[in-house]
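> Encoded as structure tokens, here's the structure I'll be asking about.
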Amino acid sequence: MAEKSYRDAIRDAMIEEMDRDPNVLIMGEDIGVYEGTFRITAGMLKKYGPKRVVDTPIAEAGMIGTAVGMAMLGLRPIVEMMTMNFSIVAADQIINHAAKVRYFSGGQVDVPIVVRGPQGAGVQLSAQHSQTFESFYGHFPGMHVVAPATPADAKGMLKTAIRGKDPVLFLESAALYGMKGEVPDDPDFTVPFGKSRVAREGKDVTIVSYSRMLQLSLQVADKLWKDEGIECEVIDLRSIRPLDMDPVYASVAKTHRAVVVQEQWKLYGAGAEIAASITENMFDELDAPVARVTGEDVPMPYARNLELLATPHEPEILAGIRRVMYANG
Amino acid sequence: MAKAKKESSSAVAEPPAEFTCAPEWTDLLKEMIFIRRFEEATEREFRKGKIGGYLHVYIGQEAIASGLISALKDDDVVFCGYRDHAQALALGSNPDKVMAELFGKGTGISKGKGGSMHLFDVEHGLYGGYGIVGGHLPLAAGAAYSMRYQGGDGIVLCYFGDGAMNIGSFHEAMNMAGLWGHQGMCPIVFIIENNGYAMGTSVERHSALTDLSARVRAYDIPTEKVDGQDIFAVRGVADRVFRQVRETGKPYCIEAVTYRFSGHGAADILQPYRPKEEVEKHRQRDPISILRTRLSEMCGLTDEDVKAMDEQATEAAAKAVKFAEESPQPDREELLKDVVAEHQPRWVAEDETH
């Protein structure tokens, strides 16, 4: 084990996989000579050369589409989105091509492409650069969508993504890049998709989250335990598609109360899926309706005070918990 | 580094000067006649309701599929749009399985999951069959990069129509292919099948610049125009261009001027966008008649020979229809397969009764 930042965990995963398999390459805007907007790919051009570290034009459909073709013919391209917000320029290539080719070819090709990059709000990037895409991409069959919350998961899940056979939308939290955590040294350490984990055990209320909001939920759980003796069980979904609800159901069977926490908008968000699934499967176990803690229903504003109002923070999560515990009067 | 040949003239290429009566030409005539009969059969079966969805036939453009694909080598691969039956047949896909795919049967080349627009036969080098106009161009460019990256000398042949040239993915793919070509990393031949219409919108009405090849040259990719009705011309260009692309790893674009005799799709019956006289005029330059006449004049092909070919083709098309008709539908369990390699979905009903 070594302590690593979320950013370095991602970088290490790519470097280790490029060392392991010559068919792994990375492409993206300004990842080579410029060394990456977030410097995740710094030094990689020098190490691997321009054939494997491909600076592309500003052309998301072009770079993701070409990566799909590369993947169909045996390579394992990683495509870095400068931010995931730009991936929607290539939505047709992701949704209509990457995610469909295996199916409409009757299983004749693998499409091992990883589209990775940062997403989320927090540093005043305003409306076009602050969105999250888990429910958008999570809607479509034919690909995997993951959103790791820790450096260890970032590394282990990126390795699973690179070694896999299908398109993966690898959603990184920009706000977590500096976060440190223990990461196993084993170069074959991987974290499977579709395995939610209990991030904190508790008996009073279940909090379901992923990515940055998982970390915030853990902070709130700590505080509630210290201040009020309330034990929250916190579930980290890790992957949005495939979605592993079993640990959530097991937890709800114990606590009988659930809160879903997400940064994105409430309508049609991941939380809606989670809440509906809990209701469908665990209705008799519930002592209260599932609560959703979400962002406000607006494009992200620039002004710092408004941006803070637009995303969930400790008070909103606390309010959600009190709602399902009927503790707010 | 050889300076790439760039032509901007609209002159139609002449057939190759050194022509010999090789048996290959007779085989190509046979193939084109078979493609024609196969496509006619699909139109009939569509009208009977045996084939569903969209159906885009290749009638009138056969020389472009046969002329180019016959010049490919084993490791080369083909990407095309949704007018893809002829490419599959020319590549050697089993016609029975192609027809079964159109019928949506479990014996289809993609197990009945793709249909007419998504023919796929990796074993024979066909990598689809795509239904989003122009969407496959980046895939094809990436495939070319992949082949060169892995050290082979294969090339990619990428078919698309004039209508695909206005969508963003066309421009992004061309630019990246042009850039990668500078490093010898993009052995791809783009084929513009310029049949004059993007569905029902003529080139004059859909492209501000009607010299379509000029738009490709803007990405530093050399181009040349060829008479797409004349397989001698098409094949002549193919032999030379494929060799060059294979050697250099640089992209090239062939604009094949052609005409589709049938409607855009099987449902395009009225065709209000083009006068009947125009269709009639173009029918006079039928690629099958052009090849047949040449072989009669120069190689002693007889009417009896052609009649025999025609009967054989009609019979093979009928056999494919029979095979498709008698084949079973895909198994129920097939629905959930091939979505992803791992984490196959469950039936929704199972999901809700946890």
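> What number of residues within region B:118-145 satisfy the criterion of being more than 7 Å from every other protein chain (Cβ to nearest Cβ) and closer than 26 Å to residue B:74 by Cβ?
Residues of region B:118-145 that are more than 7 Å from every other protein chain (Cβ to nearest Cβ), as a first pass: B:119, B:121, B:123-126, B:129-131, B:133-134, B:136-137, B:144.
Then drop every residue that is not closer than 26 Å to residue B:74 by Cβ, which leaves B:119, B:121, B:123-126, B:129-130, B:136-137, B:144.
Within region B:118-145, residues that are more than 7 Å from every other protein chain (Cβ to nearest Cβ) and closer than 26 Å to residue B:74 by Cβ number 11.
> A follow-up question, please. When region B:327-344 is examined, which residues are found to be part of a helix (DSSP H, G or I), free of Cβ contacts under 8 Å to residues at least 40 places away in the same chain and surrounded by 12 or more Cβ atoms within 10 Å (Cβ to Cβ)? Can you show your working first?
Going residue by residue through region B:327-344, those that are part of a helix (DSSP H, G or I) are B:332-336.
Going one step further and asking which of them are free of Cβ contacts under 8 Å to residues at least 40 places away in the same chain, we end up with B:332-333, B:335-336.
Within region B:327-344, B:335, B:336 meet the criteria.
> Looking at residue A:110 and the list (1) facing another protein chain (nearest Cβ under 9 Å); (2) within 19 Å of the chain's Cα centre (by Cα), which single condition is not satisfied?
Every listed condition holds for residue A:110 apart from (2).
> Oh, and also: Exactly one condition in (1) within 24 Å of the chain's Cα centre (by Cα); (2) part of a helix (DSSP H, G or I) is not met by residue A:31; state its number.
All conditions pass for residue A:31, except number (2).
> Does residue A:153 fit the bill of being out of contact with any Ser or Thr (no Cβ under 9 Å at 6 or more places or on another chain), among the acidic types (Asp, Glu) and part of a helix (DSSP H, G or I)?
Values: out of contact with any Ser or Thr (no Cβ under 9 Å at 6 or more places or on another chain): yes; among the acidic types (Asp, Glu): yes; part of a helix (DSSP H, G or I): yes.
For residue A:153, the condition - out of contact with any Ser or Thr (no Cβ under 9 Å at 6 or more places or on another chain), among the acidic types (Asp, Glu) and part of a helix (DSSP H, G or I) - is met.
> Do we find that residue B:294 is surrounded by 18 or more Cβ atoms within 10 Å (Cβ to Cβ) and at pLDDT below 95 in this structure?
On the way: surrounded by 18 or more Cβ atoms within 10 Å (Cβ to Cβ): yes; at pLDDT below 95: yes.
Yes: the conditions hold for residue B:294.
> Which residues, taken from region A:122-148, are at pLDDT 95 or above, touching an Asp or Glu at 6+ places or on another chain (Cβ under 7 Å) and either part of a loop (DSSP other than H, G, I, E, B) or not assigned by TED's automatic domain parsing to the domain that holds residue A:27 (or both)?
A:132, A:143, A:147 - these are the residues of region A:122-148 that are at pLDDT 95 or above, touching an Asp or Glu at 6+ places or on another chain (Cβ under 7 Å) and either part of a loop (DSSP other than H, G, I, E, B) or not assigned by TED's automatic domain parsing to the domain that holds residue A:27 (or both).
> Can you pull out the residues in region B:258-302 that are of a type in the set (D, E, K, R), under 21 Å from residue B:63 (Cβ atoms) and more than 21 Å from the chain's Cα centre (by Cα)? Outline the logic, then answer.
Let us first name the residues in region B:258-302 that are of a type in the set (D, E, K, R), namely B:260, B:268, B:274, B:276-278, B:280-281, B:283, B:285-286, B:292, B:294, B:297.
Subset that is under 21 Å from residue B:63 (Cβ atoms): B:260, B:274, B:278, B:280-281, B:283, B:285-286, B:292, B:294, B:297.
Within region B:258-302, B:274, B:278, B:280, B:281, B:292, B:294, B:297 qualify.
> Could you please tell me which pairs satisfy a Cβ distance under 9 Å, a separation of 6+ or placement on different chains, a first residue in region A:150-165 that is outside the structural domain of residue A:210 (by TED's automatic domain parsing) and closer than 16 Å to residue A:182 by Cβ, and a second residue that is of a type in the set (Asp, Glu) and crowded, with 24+ Cβ neighbours inside 10 Å?
A:150/A:236; A:153/A:236; A:154/A:172
> So, one more: Do you know which residues across region B:202-218 are touching a residue at least 60 places away in the same chain (Cβ under 8 Å) and touching a Gly at 6+ places or on another chain (Cβ under 7 Å)?
B:202
> Determine if region A:41-58 includes at least one residue that is touching a Gly at 6+ places or on another chain (Cβ under 8 Å) and closer than 25 Å to residue B:339 by Cα.
Let us first name the residues in region A:41-58 that are touching a Gly at 6+ places or on another chain (Cβ under 8 Å), namely A:41-42, A:44-45, A:50, A:53-56.
Then keep just the ones that are closer than 25 Å to residue B:339 by Cα; that gives none.
No: region A:41-58 contains no residue that is touching a Gly at 6+ places or on another chain (Cβ under 8 Å) and closer than 25 Å to residue B:339 by Cα.
> So which strands (runs of 3 or more DSSP E) are wholly in region A:175-284 and hold at least 3 residues that are of a type in the set (A, V, I, L, M, F, W, C)? Talk me through it step by step, then tell me what you get.
Numbers: elements: A:180-183, A:197-200, A:205-209, A:232-236, A:239-241, A:258-265.
In region A:175-284, the matching strands (runs of 3 or more DSSP E) lie at A:205-209, A:232-236, A:258-265.
> If you take just the helices (runs of 4 or more DSSP H) that sit entirely in region B:199-285, which of them hold at least 2 residues that are touching a helix residue (DSSP H, G or I) at 6+ places or on another chain (Cβ under 8 Å)? Don't jump to the end; show me each part of the working.
Values: elements: B:203-206, B:212-217, B:231-248, B:276-283.
Correct list: B:203-206, B:212-217, B:231-248.
> Select from region A:82-94 the residues that are within 13 Å of chain B (Cβ to nearest Cβ) and crowded, with 24+ Cβ neighbours inside 10 Å and list them in ascending order.
A:90, A:93, A:94
> Quick one: which of A:278, A:274 is surrounded by 16 or more Cβ atoms within 10 Å (Cβ to Cβ) and farther than 17 Å from residue A:199 by Cβ? Steps first, answer last, please.
Working: A:274 fails: farther than 17 Å from residue A:199 by Cβ.
Being surrounded by 16 or more Cβ atoms within 10 Å (Cβ to Cβ) and farther than 17 Å from residue A:199 by Cβ holds for just one of A:278, A:274, which is A:278.
Yes or no, residue by residue, for (1) buried (at least 24 other Cβ atoms within 10 Å of the Cβ); (2) touching a strand residue (DSSP E or B) at 6+ places or on another chain (Cβ under 8 Å); (3) at the interface with chain B (Cβ under 9 Å from one of its Cβ atoms); (4) over 21 Å from residue B:137 (Cβ atoms):
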residue	(1), (2), (3), (4)
A:37	no, no, no, yes
A:43	no, no, no, yes
A:57	no, no, yes, no
A:60	yes, no, yes, no
A:63	yes, yes, yes, no
A:80	yes, yes, no, yes
A:96	no, no, yes, no
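The values are calculated or read from the model by the stated rules, or taken from the named source; none is laboratory data. Since this is a predicted model, take the numbers as computed values, not measurements. We place every Cβ from the backbone using ideal geometry, glycine too, and count neighbours over all the protein chains shown.
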